[in-house]
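Quick notes on the structure that follows.
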Amino acid sequence: MSEKYLRQQNLVLLPPEQPKYAPRDWEANNRRQNLFSLEQQALADRVISESDRIIDETKHTTEESKSEVDYRLKERIEDIQFRRDELQQQKKEAHIEEEALKVYKRRTIDAINTLREIAVPLCRKCIVLREKRQGTDLVNDAVDRELRKELDVTEGGIALLEKVLEQCVEQIRRLRATIYLLDRDLADKDRSIKIDAKNLELRPNQMELKVYAGRVPLDPYNATDEEWIMVTNRNIEATAKEINSAQPLRSYIDQLLRQVAEDIRTQVERTNAAFRQRVAEMRYTKVKLENVHKETVRQVNELTRSVTRLEREIAEKEGYVALAQTRLANRSQRPGIELCRDNVYEGLKKELAALRETIAKLDGSLVKSKATLRYLLNTQVMQEEEINLKTESLRIDEVDCMTMRESFHFQSF
């Protein structure tokens, strides 16, 4: 019969009978289980005792480790604060030096602008004005030489100041670079102090704490403590080096500004002294020429009057000649034997010869006087032209140049 048929007949199919233990096996098993349980209980008691001992031991060790770490954190914070204070002091000194260099930079720029925009154009304008002199007054005198020397000294001073200005700008840039490194180091140290201070405030029973289960290591350290100290010391030493370099540069700039100002001031005084001497010489020469011109005018007037007298005398003598010739002509009309060479004839002939000789002398004197007058007039014109040249040169030097130069008061930079 099949199993399906048995189920339809509500019949139970009994499994085959399994082998069974004997009562002694059951009792033995119970004793063995009891013994095993007692052994496990004894082992549990030993484990509990060992756990309590380890808990007490590790608790003390943990507290000691935490106290040591807390102490080291405080020590580290103090060390970082000490380094930070050193960096801040160095940064303060660097800022002070930078501001001082900025002042010297401004002084140097002002000096260059003053020389380039006032002193050099003033000197060149004087040179251009003096080139407008004419004739023999256009001479390469001491004023010309001093003016050109003044221009060379001024341009040389500008070149020196521009060179030291470049050094000043470079030194300021280097100071700013060290200040940037200090700022970055200070920012890192401030952040480290905050992190360590926060770590110092943490407690093991805080709710937000949890065990890290990530794969990234928790100690990605980049440098040792000695390297950390070395980096900070290097930043401090680099800043101190730049400060020590900036201080002699400021002294050099100050000395150079004084020296350039003194050199230019000395040369300006020499040029002004040459101007004053030249003006005095020009004025003396002009006065002397005016005196000579006055005497020439007097002589021209005298010669003019002399020529007039000579012409009048010649005219009078020509009247006498005409009279004598008329008398001779009238007496030549005497009739017959009356037309003889008598004493009157001889007197008229002698008078006429004397008159001709006198007129010849007067003509010679008149020609000579007119020639002398012509030469003297030419001399007078030349003297007047020379006086005009001296007047123009005097105006250029005394009015145009000196007035303009005296209006510029040169001061120290």
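The values are calculated or read from the model by the stated rules, or taken from the named source; none is laboratory data. The structure presented is a predicted model; accordingly, all values stated were derived computationally and were not measured. Cβ sites come from the backbone with ideal geometry, for glycine too, and all protein chains shown count toward neighbours. What goes into the accessible areas is simple: the full protein's heavy atoms, side chains included, and nothing from ligands, DNA or RNA. Shrake-Rupley method; radii C 1.70, N 1.55, O 1.52, S 1.80 Å.
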Query raised in the report: Which angle between 0 and 90 degrees, to the nearest 10, do you get for helix 120-130 versus the longest principal axis of the chain when only C-alpha atoms count?
Result: 10 degrees
Query raised in the report: Of the peptides 277-289, 62-74, how do they stack up when ordered by the mean number of other Cβ atoms within 10 Å, highest first?
Result: 277-289, 62-74
Query raised in the report: Tally Lys and Arg at +1 and Asp and Glu at -1 over the other residues with C-beta under 13 Å from the C-beta of K317: what net charge comes out?
Result: -3
Query raised in the report: Most mobile of K105, K390, K350 per a Gaussian network model of the chain (Cα springs, under 10 Å)?
Result: K350
Query raised in the report: Where a ≥ b ≥ c are the square roots of the eigenvalues of the C-alpha gyration tensor, would you call region 329-384 rounded, which needs a/c under 1.5, or, failing that, prolate if a/b is larger than b/c, or oblate?
Result: prolate
Query raised in the report: So what is the calculated 222 nm ellipticity per residue for the chain, using -39500 (n - 2.57) for each DSSP H run with n of 4 or more, over all residues, to the nearest 500 deg cm²/dmol?
Result: -30000 deg cm²/dmol
Report summary line: In terms of the alpha carbon gyration tensor, root eigenvalues a ≥ b ≥ c, rounded if a/c is under 1.5 and otherwise prolate when a/b exceeds b/c or oblate, region 15-133 is oblate
Report task. Just name one of V128, L377, P19: the one whose Cα is farthest towards the positive end of the charge dipole of the chain (beta-carbon charges, Lys/Arg +1, Asp/Glu -1). Result -> L377
Report task. Could you tell me how many degrees, from 0 to 90 and to the nearest 10, lie between the Cα long axis of helix 142-201 and the main elongation axis, the longest principal axis, of the Cα atoms of the chain? Result -> 10 degrees
**Report entry** Sulfur and carbon atoms: percent of accessible area, region 18-140 [1.4 Å]
**Finding:** 53 percent
Query raised in the report: So which GluC sites (Glu not before Pro) in region 111-187 are both in a DSSP loop and have at most 15 other Cβ atoms within 10 Å of their Cβ?
Result: E131
Report summary line: Regression test value, accessible area per residue of the chain, probe 1.4 Å, units Å², expected 70 Å²
Report summary line: The local net charge around Y71, scoring Lys/Arg +1 and Asp/Glu -1 for residues other than Y71 whose Cβ lies under 13 Å from its Cβ, equals -4
Query raised in the report: Cα centroid distance between region 37-112 and region 338-397, in Å?
Result: 123 Å
Requested in this report: Return one number: the angle in degrees, 0 to 90 and rounded to the nearest 10, between the long axis of the Cα atoms of helix 23-114 and the longest principal axis of the Cα atoms of the chain.
Outcome: 10 degrees
**Report entry** Overall form of the chain per C-alpha gyration tensor (a/c, 1.5; a/b vs b/c)
**Finding:** prolate
